[in-house]
Each structure stands twice: as structure tokens, then as C-alpha cells.
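The values are calculated or read from the model by the stated rules, or taken from the named source; none is laboratory data. Fair warning: this is a prediction, and the values are worked out from it, not measured in the lab. A quick note on method: Cβ atoms are made from the backbone with ideal geometry, for glycine too, and the neighbour counts reach across all protein chains shown. Accessible surface is based on the protein model in full, side chains and every heavy atom, while ligands, DNA and RNA are left aside. Shrake-Rupley method; radii C 1.70, N 1.55, O 1.52, S 1.80 Å.
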Amino acid sequence: MTMLTHRIAIMDDLDNLRALMARAIDHLQTGFLTPEQITASRHVMGLDTQLIKDGTYFLVESDGVLAGCGGWSYRATLYGGDASVVAREPEVLDPARDAARIRAMYTNPDFARQGIGRRVMQVCEDAARAAGFARTEMMATMAGVPLYRSCGYGPIEEVLSAPIDGVQVPLLRMGKVL
């Protein structure tokens, strides 16, 4: 039986995390986005290393193999990575008023539809709840929407990314009461 473990990501994990994210974008967005949108999404998605610095980014391993990753944040930034076109909003959120952010969820394509995304989501929600948050929000990719709906997230707003070489990427802002 496969043993899943999770831990907080560290800066030494960056190369492996970025490689997993590139594979996930290239393989798991197929069928949800056009090839042009997949290319453009590399400039919208990605890892915000502030999550690692904050200790709020997790990875899930299956028998020592990186199977998935994702995080939550107590900062205002909703989505986007270090190299994305999305502006950073480092302001700290108020758990009594604001929703925690679920961020940068990725599954290794070799582990798709094996419960990895659900495991990452549970770890993130538990951590956000422990920090006093009663709600979460995220900006979902089209490929992630089915998972997030099955985890109890509902749509808030349909969004198109800023144009990247004339191409926009569809996204869906979603939320959940914890």
C-alpha cells in the first residue's frame, strides 16, 4: 500500500516543486485550455515563494516521490507566482473578517485522480482553520474546478487573466466556509 506523507516545503524543494508545476500545467490543463492558453498560463500560475518563507506551503509525497503540493496564505495575494503577471499583495489578512487564500495547488500528473489534491486541500484548510480563519478563497484553474467543487467550494466570480501575447486564461474565483 502506498504511504502518503506531507510536510512543510523548504527553499531547497524549489527545483522539484517548479518541475512538478511545469509538468502539471503542461499535462493536466490539456482538455480544459487551448495550447495557446496553456502557454500563457505559465505567466499566470506558479509558486509564490513567500508561501515557503511563511511556512504555509506543503508538499505531499508518495513513498518519497513528490506527488503534489499546495498552500494557504494569510496574505492578500489571491494567486500567481514569483514570475507571473499578477501583482503581489503582501498585506496580512484579518481572520475575523477575511478569507484565507488557498494557493498554488498542483498534482504530479503521474498521481492524478489518486486523492493527492484532496489531501493537499485538507492539510491547507486544517492549517487555515487552526490560524483562526473561518473561510477560504482561491483562484481556480479550469482543470482544478472539478476537484474544488467536490471539496465544497462554490463559484464567486469568473475571471480572465490579463492578456499574454494576446491570449487570456479563464479562471474561477471560488470560496468555502470552513
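Taking each residue as 0.36 nm, the span from Arg88 to Thr34 lengthens on full extension beyond its C-alpha to C-alpha distance by 16.8 nm. Note on surface exposure: Asp165, Asp15, Asp126 rank Asp165, Asp15, Asp126 by accessible area, highest first, 1.4 Å probe.
Of the accessible area of the chain, computed with a 1.4 Å probe over protein heavy atoms only, carbon and sulfur atoms account for 53 percent. Heavy atoms of the protein chains alone define the surface here; on that basis the chain has 48 Å² accessible area per residue at 1.4 Å probe size. In the elastic network of the chain, a GNM with C-alpha springs shorter than 10 Å, the most mobile of Met11, Met105, Met121 is Met11.
Anisotropy class assigned to the range 110-178 is oblate, per the alpha carbon gyration tensor with a/c at or over the 1.5 cut-off and a/b no larger than b/c.
The slack in the chain from Thr49 to Arg113, taken as 0.36 nm per residue of separation less the alpha-carbon distance, amounts to 20.4 nm. What percentage of all Cα-Cα pairs in the range 4-177 are separated by more than 26 Å? Distances greater than 26 Å cover 21 percent of the Cα pairs. Placing +1 on the Cβ of every Lys and Arg and -1 on the Cβ of every Asp and Glu, with no other charges, gives the chain a dipole of roughly 440 debye about its Cα centre. Taking the centroid of alpha carbons for each part, the range 1-79 and the range 97-162 are 12 Å apart.
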